[in-house]
Every structure is written in C-alpha cells, then in structure tokens.
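Values in this text are rule-based calculations from the coordinates and carry no lab data. Note that the structure is predicted; figures quoted are calculated from it, not measured. Cβ coordinates were reconstructed from backbone atoms using ideal geometry, including for glycine residues, and neighbour counts include every protein chain displayed.
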Amino acid sequence: LSGLDPAQPYFQGTPIEVRLDKSDAEFVDVIHTDSAPTIPNLGFGMRPAIGHLDFYPNGGEEMPGCDKNPVSQIVDLDGIWEGTRDFVACNHLRSYKYYSDSIIYPDGFLGYACSSYELFKEGNCFPCPEEGCPPMGHYADRFKDKVKDEFTKLYLNTREAKDFPLWRYKVSVTLSGNSKVEGYVNVALYGTDGNTRQHQITKGTLKPDNTYTAYIDVEVNVGEVTKVKFLWNNNWVNPTLPKLGAATITVEVGQNR
C-alpha cells in the first residue's frame, strides 16, 4: 500500500483501525508532503510515521514551487482547473505528482534515513548505507525485505516543478592561491549520462588552503563523473587581480558512495 499524503484532519492520532497503518499490508510506504499542523497552517497531511517506510520530501511540510503567486499558479500549464486546485492544495497534491514522476525515474527520489530534516540538510545522513537508499514512490517496495526499524523516516529534496527528482552529491573544494578574497565558488559536474548546471559550494571569505564542502541536489544523474568545472567570482572590479584556483575537488555520489 502506498499512502499519498494521508489525511490529517479527523485521522491523525486516531486508533490504527480507522487510519492507514503498517499493519494494513505486507508493505506500507508513505509520502508526506503537507504535514504542517492543520491549525494554524492548514496542513492537510498526517505528520507521524505510520508505515514501514515514511518519506518526507523537502521536510514534508512546504513543497518548493507551492509558494508561487496565486495568479501564476491558477493559470497553470495544465489548465485553469488544475491550476486552481493546485493553488488551494498544492503541498497536499505534490504527493501524487512525485509518485507519477517516480515511475519514469527508478533511480530518482532516493530517501536518506535520518532523524530530522535539519540533520539531513547538514549532510549527517549522507551517503546511502551499504544496502543503498530506498526510492520514494513506485519502486519503494524494492526495499520491503530490508526494513529493520520500527519506523523509518526518510528525507530528500525535489525540484520546484516537473521533472521533480534530484540527485545528491557531496562536493569538497580545497582552494589554492596567494591571498584571501570575498566571493563565491561554483561547481558543475560532467558525467557519462549528462551535465549539471553550476551549483554554489560556498560564499563569503575565500581563503587559500581552506576546504569548503557543500551537499548539492542536482537536476540530472550524471552517471560516472568525468569532469568537474570550477568557477569563482568576487563580484566586483579588483585592481589587484587576485588569483584563486582549486587545488583539489572531491565528489562523493550519495547513491553508490
């Protein structure tokens, strides 16, 4: 059984006989996309973990792209009816959109087991364990024989609009140069299956010999990494023409470590 943002009002906190529960089937996976409290946040979805695997994309409360202004949302690409409905219940309805995208992307939507979304964002639950990460959505049942804990909470990030999946990488850049500067460092990944756009690794004071690390969610699974593009900029004209390079760049793939 797959629960697509099971309802919160009248169901949360009730006995298991009257709501979705892991005892309802051999394997129950749940996608939580609108689990903020109904009062005052108008969350429609249930917050607690109730299945064998519970996925909380983007933390499970506010979905990216759902904060668009009402007019752009109502006059949606999918037509005015779907746009109006999405405006009223955008977070709640993301669950089925993620699910339908997951059919097309069997390796997308990997859920990282973590005790909170904050720890996930900080990279504490990266990379996937030896046995891999369960994919949210249609292929979650591939993991039904690997479920150990009482309840497993899984976190991931998605894009703002279709196509929704993102792939997670850890990128560490050690800088080289002769003086510190203010600015930012961007990195793009190139691989056997595609290339990413530039992703920011750090911003602020850039010091040679320092290592800067970021966890980036990229819009394509690049496959085997073949090249990394490094770019830095200090945003203003600097008469001293500071030079900065990357001594090393390390890329770790969340999916296969």
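Which of the listed residues, Ala246, Val218, Asn234, is farthest toward the dipole's positive end in the range 203-248, when Lys, Arg count +1 and Asp, Glu count -1 at the beta-carbon?
Asn234
Tell me, in nm to one decimal, what length is gained between Ala188 and Asn41 on full extension, where the rule is 0.36 nm per residue of separation less the Cα-Cα distance?
49.2 nm
With no solvent and one equal point scatterer placed on each C-alpha of the chain, evaluate the Debye formula and give log10 I(q)/I(0) for q = 0.17 Å⁻¹, two decimals.
One equal scatterer on each Cα of the chain leads to -1.25.
Whole percent per 10 Å bin, from 0 to the bin with the longest distance: what is P(r) over all C-alpha pairs of the range 167-253?
18, 50, 25, 7, 0
Just to be sure I follow the rule: in the range 2-156, considering lysines 8 or more places apart or on different chains, how many pairs have Cα atoms under 21 Å apart?
Within the range 2-156, the lysine pair count is 8.
Give me the number: length gained by fully extending Asp145 to Glu130, i.e. 0.36 nm times residue separation minus the C-alpha to C-alpha distance, one decimal in nm.
Additional length available on full extension: 3.9 nm.
Can you give the calculated 222 nm mean residue ellipticity of the chain, where each DSSP H run of n ≥ 4 adds -39,500 (n - 2.57) and the sum is split over every residue, rounded to the nearest 500 deg cm²/dmol?
The helix-only estimate for the chain comes to -4500 deg cm²/dmol at 222 nm.
In the range 162-257, which chymotrypsin sites (Phe, Trp or Tyr not before Pro) fall in coil by DSSP and have 12 or fewer other Cβ atoms within 10 Å?
When the chymotrypsin sites (Phe, Trp or Tyr not before Pro) of the range 162-257 are filtered for loop state and at most 12 Cβ neighbours within 10 Å, Trp236 remain.
If you stretched the chain out fully between Asn178 and Asp217, how much longer would it get, using 0.36 nm times the residue separation minus the C-alpha to C-alpha distance?
Separation in residues times 0.36 nm, less the Cα-Cα distance, equals 10.9 nm.
Where Rh is the Kirkwood radius over the Cα pairs of the range 95-204, the temperature 37 °C and the viscosity 0.692 mPa s, what D in µm²/s does Stokes-Einstein return?
For these conditions, the coefficient is 202 µm²/s.
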